[in-house]
Amino acid sequence: MRRRLIAPQTRLRIAAAAAIIGVAPAIARAGDAPPPPLWTLEARDTAEVWRNLQGGLSVGDATLNKLQASLRFQGDAIGWRGFSAYAQVFKTNSESLSLARTGDTQTASNIEAPHVERLFEFWAAQAFGDEDAVGWVSLRAGLIDLNRTFDSISTAGLFLNSSHGIGPDLSHSGLLDPSIFPVSALAAQVDWRPVSKLTIHLGAFANPDPSRAHNFADLRLSSRNGAIVIGQADYDLGQDAQASIGVWRYTANLPSFADPTQRLQPRPGAYAFVQAPTSLPGAPSGWLRAGFADGRVQDVSGYLGGGLVWKGLLPGRKADRFGLAVAQARIGGAARAADGLPHAETSFEASYSLKLGRYLHLQPDIQHIVHPAGAAGLRDATAVALRVVAFARTPDPPGDDD
């Protein structure tokens, strides 16, 4: 039998093809994004030292603290595509700034809370599809912070005043507050991207019961207390810009502010905000938010606020942020008549966040509050603060995160 000879050029082509076939999977794997960690554990301590310099209820100091720990599970790491779960516990101290010093109703510090140890969030979520693709859907259920998704403005996250985290027209609603810090409740939520630039969020959150505000967790549902049903539409304007509108309503009657022995069906509330980069000197990012609520069943009936945030103003400090913001809460007629409160409370805030290494942030802050509305007849208050945030995370993501 005659042996077939293979030409040298043919042998070279075969060898090259084999090399490409063998190396191609490795190239594809190298180009893929690394899978997320199966779990991420984070501990964070936020401490604040305040001094109310003038006005309000009393001149003096307050020290606030919030210690929290969270655990996140990512099913994608083990092939359970789209599944995630999250748990967070926290502990706060019992000192008060707004209730004892500044007398403001908007709450000058967003970590102020009674002394409590609480399971704040404990939920599971299943997503279908790619989050950036049309048709993406996510279902979530458990103990959920409403402010995780709804009425959350990323640009405003620098500031300490609670109104820049969630508008007081929404945060002051319900029997206690809605399912937000420091009291959460059982909830179900769906998120959907019907078209490329629009995301729809819908949620139903149990109305937290004031009698269980100090419990480790509130896992009960009550037909008498009802729930808050809320929806929000986010439209992507491009270049880190977004416009959002939200509407909400309680399913059960709430006590009248004028006569707590009577219950009324609250009217719906609504809010809208826009955030975007600006062309102002230093190219800050800015936002503007407005909202309204039923002043018959809560003290705040309307809100208008906004601000600007600059990043890296100082040479060599590219991660630092500086911001100016204003928040005005309009007081409802029932609250004004019952307690003699002013028509509106306005807070002006300036804040600077210094990033000292990867795990430590310092943030000096000053707020001037015009017509504090926590009680009748209060003089304008001015308060200064220093916030210290220390945290640790494992496994820690690569890079220099803010």
Open item on the list: If I ask for residues that are of a type in the set (D, E, K, R), modelled with pLDDT of 95 or more and part of a loop (DSSP other than H, G, I, E, B), which ones from the range 82-120 would you list?
Closed with: Asp104, Glu112
- [ ] Take Arg29 and decide whether it is part of a helix (DSSP H, G or I) and at pLDDT below 50.
- [x] yes
Open item on the list: Every residue in the range 278-335 that is on the phi > 0 side of the Ramachandran plot and out of contact with any strand residue (DSSP E or B) (no Cβ under 6 Å at 6 or more places or on another chain), please.
Closed with: Ala283, Gly312, Gly316
Open item on the list: For the range 131-148, which positions are charged (D, E, K, R) and either more than 17 Å from the chain's Cα centre (by Cα) or within 20 Å of Leu198 (Cα to Cα) (or both)?
Closed with: Glu131, Asp132, Arg140, Arg148
TODO: Please name all residue pairs, on different chains or six or more residues apart, with Cβ atoms under 6 Å, provided the first residue is in the range 59-88 and is exposed (fewer than 15 other Cβ atoms within 10 Å of the Cβ) and the second residue is in a loop (DSSP other than H, G, I, E, B).
DONE: Thr63/Glu95; Ala77/Pro35; Ala77/Pro36; Ala77/Leu38
Task: Any chance Arg220 is over 22 Å from Leu119 (Cα atoms) and either surrounded by fewer than 24 Cβ atoms within 10 Å (Cβ to Cβ) or at pLDDT below 95 (or both) - done: no
Task: In the range 152-162, residue nearest to Phe90 (Cα to Cα) [restricted to those that are under 8 Å from the mean Cα position of the chain (by Cα) and assigned to a loop (DSSP other than H, G, I, E, B)] - done: Ser152
- [ ] Kindly check whether there is at least one residue in the range 326-342 that is surrounded by 15 or more Cβ atoms within 10 Å (Cβ to Cβ), under 16 Å from Thr155 (Cα atoms) and not aromatic (Phe, Trp, Tyr).
- [x] yes
- [ ] Look at the range 357-397 and say how many of its residues are more than 21 Å from the chain's Cα centre (by Cα), free of Cβ contacts under 8 Å to residues at least 40 places away in the same chain and either surrounded by 13 or more Cβ atoms within 10 Å (Cβ to Cβ) or farther than 30 Å from Pro34 by Cα (or both).
- [x] 7
Open item on the list: Can you report the number of residues in the range 211-247 which are assigned to a strand (DSSP E or B) and either in contact with an Asp or Glu (Cβ under 9 Å, 6 or more places away or on another chain) or closer than 30 Å to Thr278 by Cα (or both)?
Closed with: 16
Open item on the list: Contact list please: Cβ distance under 8 Å, first residue in the range 297-312 and in contact (Cβ under 8 Å) with a residue 12 or more places away in the chain, second residue assigned to a loop (DSSP other than H, G, I, E, B) and among the hydroxyl-bearing types (Ser, Thr, Tyr), pairs at least six apart or on different chains.
Closed with: Val297/Ser173; Val297/Ser256; Gln298/Ser173; Asp299/Thr105; Val300/Thr105; Leu308/Thr278
TODO: Identify, by number, the condition in (1) surrounded by 17 or more Cβ atoms within 10 Å (Cβ to Cβ); (2) closer than 30 Å to Lys91 by Cα; (3) at pLDDT below 95; (4) of a type outside the set (Gly, Ala, Ser) that Ile230 doesn't meet.
DONE: (3)
TODO: List the number of the failed condition for Thr346; all other conditions in (1) more than 30 Å from Pro36 (Cα to Cα); (2) in contact with a Lys or Arg (Cβ under 8 Å, 6 or more places away or on another chain) hold.
DONE: (2)
- [ ] Count, please, the residues in the range 163-180 that happen to be surrounded by 24 or more Cβ atoms within 10 Å (Cβ to Cβ) and either part of a strand (DSSP E or B) or within 13 Å of the chain's Cα centre (by Cα) (or both).
- [x] 7
Open item on the list: Looking for something of a type in the set (Gly, Ala, Ser) and modelled with pLDDT under 95 - is there at least one such residue anywhere in the range 280-291?
Closed with: yes
Task: Looking only at the range 256-267, and only at residues there that are loosely packed, with under 15 Cβ neighbours inside 10 Å and either touching a strand residue (DSSP E or B) at 6+ places or on another chain (Cβ under 9 Å) or hydrophobic (A, V, I, L, M, F, W, C) (or both), the one that is modelled with the lowest pLDDT - done: Thr261
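The values are calculated or read from the model by the stated rules, or taken from the named source; none is laboratory data. This one's a predicted model, so the numbers in the text were calculated from it and none came from an experiment. Backbone-built Cβ (ideal geometry, glycine too); neighbour counts: all protein chains shown.
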